[in-house]
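All remarks here apply to the structure that follows.
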Amino acid sequence: LRVSPKKISISNLDVKESENTAHISGEMSGDIRDVKKMSVDLNIIARSTSEGLDRFISGFYKTRGSWTLEGSLKGSMLDPTFQGGVKLSGFQYNLWKIDKVNLDVILNKNNLQFENLTINHKRGGLSLDRIRFNFNKETENIDSNIRFSQFDLQTFLGDIKKSVANIEGTLNGTVKFSYKINLLKDNKIDIGLIDIKTDLAVADFELNNRKY
(Lines give C-alpha, C1' and ligand atoms only; values in the text may rest on other atoms or scores of the structure.)
Protein backbone atom coordinates (compact mmCIF):
# COMPACT_ATOMS: atom_id res chain seq x y z
CA LEU A 1 0.00 0.00 0.00
CA ARG A 2 1.45 3.38 -1.06
CA VAL A 3 -0.09 6.71 -0.15
CA SER A 4 0.72 10.09 -1.67
CA PRO A 5 -1.24 13.40 -1.63
CA LYS A 6 -2.80 12.53 -5.02
CA LYS A 7 -2.99 8.76 -5.05
CA ILE A 8 -3.48 5.61 -3.01
CA SER A 9 -1.94 2.58 -4.70
CA ILE A 10 -2.84 -0.96 -3.68
CA SER A 11 -0.50 -3.56 -5.13
CA ASN A 12 -1.75 -6.56 -3.20
CA LEU A 13 -4.47 -6.56 -0.54
CA ASP A 14 -5.71 -9.97 0.62
CA VAL A 15 -8.61 -10.44 3.03
CA LYS A 16 -9.66 -13.79 4.49
CA GLU A 17 -12.57 -14.62 6.76
CA SER A 18 -13.38 -18.29 7.25
CA GLU A 19 -14.23 -19.69 3.77
CA ASN A 20 -14.39 -16.18 2.27
CA THR A 21 -11.36 -14.62 0.56
CA ALA A 22 -10.85 -11.41 -1.43
CA HIS A 23 -7.94 -9.99 -3.41
CA ILE A 24 -7.86 -6.29 -4.33
CA SER A 25 -5.37 -4.32 -6.40
CA GLY A 26 -5.41 -0.97 -8.18
CA GLU A 27 -5.52 2.65 -7.16
CA MET A 28 -7.62 5.55 -5.93
CA SER A 29 -6.59 8.90 -7.39
CA GLY A 30 -7.37 12.50 -6.48
CA ASP A 31 -6.89 14.68 -3.45
CA ILE A 32 -6.94 12.29 -0.51
CA ARG A 33 -8.11 15.17 1.70
CA ASP A 34 -11.44 15.04 -0.18
CA VAL A 35 -12.26 11.36 -0.59
CA LYS A 36 -15.66 12.03 -2.18
CA LYS A 37 -13.96 13.59 -5.22
CA MET A 38 -11.49 10.78 -5.72
CA SER A 39 -11.80 8.19 -8.48
CA VAL A 40 -11.29 4.44 -8.17
CA ASP A 41 -9.76 1.86 -10.48
CA LEU A 42 -9.67 -1.45 -8.64
CA ASN A 43 -9.48 -5.10 -9.64
CA ILE A 44 -11.37 -7.47 -7.36
CA ILE A 45 -11.35 -11.24 -7.01
CA ALA A 46 -13.53 -12.80 -4.32
CA ARG A 47 -14.10 -16.49 -3.61
CA SER A 48 -16.43 -18.26 -1.25
CA THR A 49 -18.56 -21.30 -0.62
CA SER A 50 -22.26 -21.55 0.15
CA GLU A 51 -21.37 -22.10 3.79
CA GLY A 52 -19.18 -19.00 3.77
CA LEU A 53 -21.85 -16.81 2.18
CA ASP A 54 -24.39 -17.94 4.75
CA ARG A 55 -22.44 -15.99 7.35
CA PHE A 56 -23.62 -12.81 5.58
CA ILE A 57 -26.77 -13.82 3.67
CA SER A 58 -29.16 -16.13 5.47
CA GLY A 59 -30.33 -19.13 3.49
CA PHE A 60 -27.17 -20.13 1.65
CA TYR A 61 -26.61 -22.92 4.17
CA LYS A 62 -29.31 -24.86 2.31
CA THR A 63 -27.14 -25.01 -0.81
CA ARG A 64 -23.76 -26.39 -1.80
CA GLY A 65 -21.23 -24.95 -4.22
CA SER A 66 -18.22 -22.70 -4.68
CA TRP A 67 -18.50 -19.09 -5.90
CA THR A 68 -16.06 -16.75 -7.63
CA LEU A 69 -16.59 -13.05 -8.31
CA GLU A 70 -14.02 -11.34 -10.54
CA GLY A 71 -14.16 -7.87 -12.05
CA SER A 72 -13.26 -4.20 -11.88
CA LEU A 73 -14.62 -1.24 -9.95
CA LYS A 74 -14.07 2.02 -11.83
CA GLY A 75 -15.34 5.59 -11.79
CA SER A 76 -15.91 8.30 -9.24
CA MET A 77 -15.91 7.42 -5.56
CA LEU A 78 -19.58 8.41 -5.28
CA ASP A 79 -20.71 6.58 -8.43
CA PRO A 80 -18.39 3.70 -9.35
CA THR A 81 -19.35 0.95 -11.78
CA PHE A 82 -18.63 -2.71 -11.16
CA GLN A 83 -18.20 -4.85 -14.25
CA GLY A 84 -17.27 -8.48 -14.01
CA GLY A 85 -18.43 -12.04 -13.82
CA VAL A 86 -19.80 -14.54 -11.34
CA LYS A 87 -18.92 -18.23 -11.57
CA LEU A 88 -20.54 -21.03 -9.61
CA SER A 89 -19.44 -24.66 -9.67
CA GLY A 90 -20.80 -27.79 -8.05
CA PHE A 91 -24.12 -26.21 -7.10
CA GLN A 92 -26.72 -28.30 -5.30
CA TYR A 93 -30.02 -27.45 -3.63
CA ASN A 94 -31.93 -30.53 -2.52
CA LEU A 95 -32.31 -32.52 -5.78
CA TRP A 96 -31.34 -29.63 -8.07
CA LYS A 97 -27.75 -30.12 -9.23
CA ILE A 98 -25.78 -27.92 -11.64
CA ASP A 99 -22.16 -28.35 -12.73
CA LYS A 100 -21.34 -24.76 -13.75
CA VAL A 101 -22.97 -21.32 -13.86
CA ASN A 102 -21.46 -18.23 -15.52
CA LEU A 103 -22.95 -14.73 -15.40
CA ASP A 104 -21.68 -11.30 -16.44
CA VAL A 105 -22.75 -8.36 -14.25
CA ILE A 106 -22.68 -4.58 -14.60
CA LEU A 107 -23.75 -2.62 -11.52
CA ASN A 108 -23.81 1.04 -10.46
CA LYS A 109 -26.19 3.18 -8.47
CA ASN A 110 -28.51 3.61 -11.48
CA ASN A 111 -28.52 0.24 -13.22
CA LEU A 112 -28.13 -3.48 -12.70
CA GLN A 113 -27.49 -5.53 -15.82
CA PHE A 114 -27.14 -9.30 -16.24
CA GLU A 115 -25.63 -10.72 -19.41
CA ASN A 116 -24.53 -14.05 -20.84
CA LEU A 117 -26.01 -16.29 -18.18
CA THR A 118 -25.14 -19.91 -18.96
CA ILE A 119 -25.98 -22.96 -16.89
CA ASN A 120 -24.31 -26.24 -17.78
CA HIS A 121 -24.96 -29.72 -16.45
CA LYS A 122 -23.88 -33.01 -17.95
CA ARG A 123 -23.92 -32.60 -21.76
CA GLY A 124 -26.45 -29.78 -22.01
CA GLY A 125 -27.34 -26.38 -20.65
CA LEU A 126 -29.37 -23.22 -20.93
CA SER A 127 -28.61 -19.58 -21.64
CA LEU A 128 -30.39 -16.33 -20.81
CA ASP A 129 -30.34 -13.07 -22.74
CA ARG A 130 -29.52 -9.71 -21.21
CA ILE A 131 -31.74 -8.36 -18.42
CA ARG A 132 -31.41 -4.76 -17.28
CA PHE A 133 -32.97 -2.93 -14.32
CA ASN A 134 -33.01 0.86 -14.08
CA PHE A 135 -33.28 1.91 -10.44
CA ASN A 136 -34.47 5.40 -11.40
CA LYS A 137 -37.61 4.19 -13.15
CA GLU A 138 -40.77 3.56 -11.19
CA THR A 139 -41.80 0.98 -13.78
CA GLU A 140 -39.50 -1.32 -15.75
CA ASN A 141 -40.58 -3.63 -18.58
CA ILE A 142 -38.43 -6.75 -18.82
CA ASP A 143 -38.19 -8.94 -21.91
CA SER A 144 -35.81 -11.85 -22.36
CA ASN A 145 -35.36 -15.37 -23.70
CA ILE A 146 -34.21 -18.61 -22.12
CA ARG A 147 -32.71 -21.13 -24.54
CA PHE A 148 -32.45 -24.82 -23.65
CA SER A 149 -30.02 -27.14 -25.45
CA GLN A 150 -29.93 -30.82 -24.47
CA PHE A 151 -30.76 -29.74 -20.92
CA ASP A 152 -31.18 -32.71 -18.61
CA LEU A 153 -34.84 -33.03 -17.59
CA GLN A 154 -33.98 -34.35 -14.13
CA THR A 155 -31.88 -31.24 -13.51
CA PHE A 156 -34.72 -28.98 -14.65
CA LEU A 157 -37.36 -30.65 -12.45
CA GLY A 158 -35.24 -31.02 -9.31
CA ASP A 159 -37.38 -31.81 -6.28
CA ILE A 160 -40.47 -32.26 -8.45
CA LYS A 161 -39.17 -35.67 -9.54
CA LYS A 162 -39.69 -36.98 -5.99
CA SER A 163 -43.27 -37.77 -6.99
CA VAL A 164 -42.29 -40.18 -9.79
CA ALA A 165 -40.24 -43.38 -9.83
CA ASN A 166 -38.12 -42.37 -12.79
CA ILE A 167 -37.97 -39.58 -15.34
CA GLU A 168 -35.49 -39.13 -18.17
CA GLY A 169 -35.09 -36.90 -21.21
CA THR A 170 -33.52 -33.73 -22.56
CA LEU A 171 -35.15 -30.33 -22.99
CA ASN A 172 -34.66 -28.22 -26.12
CA GLY A 173 -36.16 -24.94 -27.31
CA THR A 174 -36.92 -21.41 -26.17
CA VAL A 175 -38.98 -19.72 -23.46
CA LYS A 176 -39.81 -16.06 -24.09
CA PHE A 177 -41.01 -14.06 -21.11
CA SER A 178 -41.94 -10.49 -20.37
CA TYR A 179 -43.14 -8.80 -17.20
CA LYS A 180 -43.39 -5.45 -15.50
CA ILE A 181 -41.59 -4.45 -12.31
CA ASN A 182 -42.89 -1.59 -10.17
CA LEU A 183 -40.48 0.01 -7.72
CA LEU A 184 -42.36 0.90 -4.56
CA LYS A 185 -41.39 2.91 -1.52
CA ASP A 186 -38.95 1.50 1.04
CA ASN A 187 -37.08 -0.31 -1.79
CA LYS A 188 -39.88 -2.83 -2.21
CA ILE A 189 -40.58 -4.43 -5.61
CA ASP A 190 -43.93 -5.41 -7.07
CA ILE A 191 -43.85 -7.83 -10.02
CA GLY A 192 -46.82 -7.52 -12.35
CA LEU A 193 -48.35 -10.03 -14.76
CA ILE A 194 -45.80 -12.35 -16.34
CA ASP A 195 -46.32 -13.29 -19.99
CA ILE A 196 -44.63 -16.56 -21.00
CA LYS A 197 -44.46 -18.10 -24.47
CA THR A 198 -42.82 -21.50 -24.90
CA ASP A 199 -41.47 -23.46 -27.82
CA LEU A 200 -40.05 -26.56 -26.15
CA ALA A 201 -39.51 -30.19 -27.04
CA VAL A 202 -38.43 -33.17 -24.94
CA ALA A 203 -36.26 -35.85 -26.53
CA ASP A 204 -35.80 -39.43 -25.29
CA PHE A 205 -38.58 -38.98 -22.75
CA GLU A 206 -39.05 -41.72 -20.17
CA LEU A 207 -41.49 -41.68 -17.23
CA ASN A 208 -41.73 -44.35 -14.56
CA ASN A 209 -39.55 -46.63 -16.73
CA ARG A 210 -41.85 -46.25 -19.72
CA LYS A 211 -40.42 -44.71 -22.90
CA TYR A 212 -42.41 -42.30 -25.09
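The values are calculated or read from the model by the stated rules, or taken from the named source; none is laboratory data. These numbers come from a predicted model, not from an experiment. No Cβ is skipped: glycine too gets one built from the backbone with ideal geometry, and neighbour counts run over all protein chains shown. Areas reflect the complete protein model, heavy atoms only, side chains present, ligands, DNA and RNA absent. Shrake-Rupley method; radii C 1.70, N 1.55, O 1.52, S 1.80 Å.
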Under the Karplus relation with 6.51, -1.76 and 1.60 and θ = phi - 60°, whole-Hz ³J(HN,Hα) for segment 23-40, x at Gly and Pro, equal 10, 10, 9, x, 8, 10, 10, x, 6, 5, 7, 9, 4, 4, 9, 7, 10, 10
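Can you tell me the accessible area per residue over the chain, all protein chains present, probe 1.4 angstrom, in square angstrom?
Numbers: 13890 Å² over 212 residues.
Ligands and nucleic acids excluded, the result is 66 Å² per residue.
For the chain, with all protein chains present and a 1.4 Å probe, just round the carbon and sulfur fraction of the accessible area to a whole percent. The partial results should precede the final answer.
Values: 7290 of 13890 Å².
Percent of accessible area from carbon and sulfur atoms in the chain: 52.
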Those chymotrypsin sites (Phe, Trp or Tyr not before Pro) from segment 10-110 that are DSSP loop and have at most 10 other Cβ neighbours within 10 Å turn out to be Phe56
Karplus couplings for segment 146-156 from phi (6.51 cos²θ - 1.76 cosθ + 1.60, θ = phi - 60°), rounded to Hz, Gly and Pro as x? 10, 10, 9, 9, 6, 7, 4, 5, 4, 5, 5
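List the trypsin sites (Lys or Arg not before Pro) in segment 95-136 that DSSP assigns to loop (not H, G, I, E or B) and whose Cβ has at most 14 other Cβ atoms within 10 Å. Which are they? Mind showing how you got there, number by number?
Working: sites: Lys97, Lys100, Lys109, Lys122, Arg123, Arg130, Arg132; in loops: Lys109, Lys122, Arg123, Arg130.
Sparse-neighbourhood loop trypsin sites (Lys or Arg not before Pro): Lys109, Lys122, Arg123, Arg130.
What pairs from Lys100/Lys137; Lys16/Lys188; Lys87/Lys109; Lys109/Lys185; Lys6/Lys137; Lys109/Lys188 go past 28 Å between their alpha carbons?
Working: Lys100/Lys137 33 Å; Lys16/Lys188 33 Å; Lys87/Lys109 23 Å; Lys109/Lys185 17 Å; Lys6/Lys137 37 Å; Lys109/Lys188 16 Å.
From Lys100/Lys137; Lys16/Lys188; Lys87/Lys109; Lys109/Lys185; Lys6/Lys137; Lys109/Lys188, over 28 Å: Lys100/Lys137; Lys16/Lys188; Lys6/Lys137.
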